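Read the structure below first, then the notes.
Any read-out appearing in this document is the output of simple, stated calculations on the displayed coordinates, not a laboratory observation. Note that the coordinates shown come from a computational prediction; the quantities given were computed from them, not determined experimentally.
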Amino acid sequence: MERKTARLTLLIDPNKKAAFERLCAQRDLTASQVVRQMIRDYLAQHGVSYEPSGAGEGEADAPARAMQPASAPRKTATNPKTPGKAPSKSSGARRRS
């Protein structure tokens, strides 16, 4: 997995975005996970290789992993209080008012 990230901003029809996000949620994936996989697949389809950020830092097999297509969607952690929802970042501590 890449250690560094860069932002990719794009414009899309709002209804298409909403439909895409609903489909991703039904498959228990984030839109970012799906877009990253589509980019990996597109690069592989066109024979483009790359070295993931941070690969030289103890990850000798990272380039090989980067080009492998995903065999199954990755699951994300779920929140036991609300099944199907990812845990919140502040799940351990509550704010006092």
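Relative to the current alpha-carbon distance between residue 20 and residue 44, full extension at 0.36 nm per residue lengthens the span by 6.4 nm. Legend: Rg and Dmax of the range 1-57, from Cα coordinates, 13.7, 41 Å.
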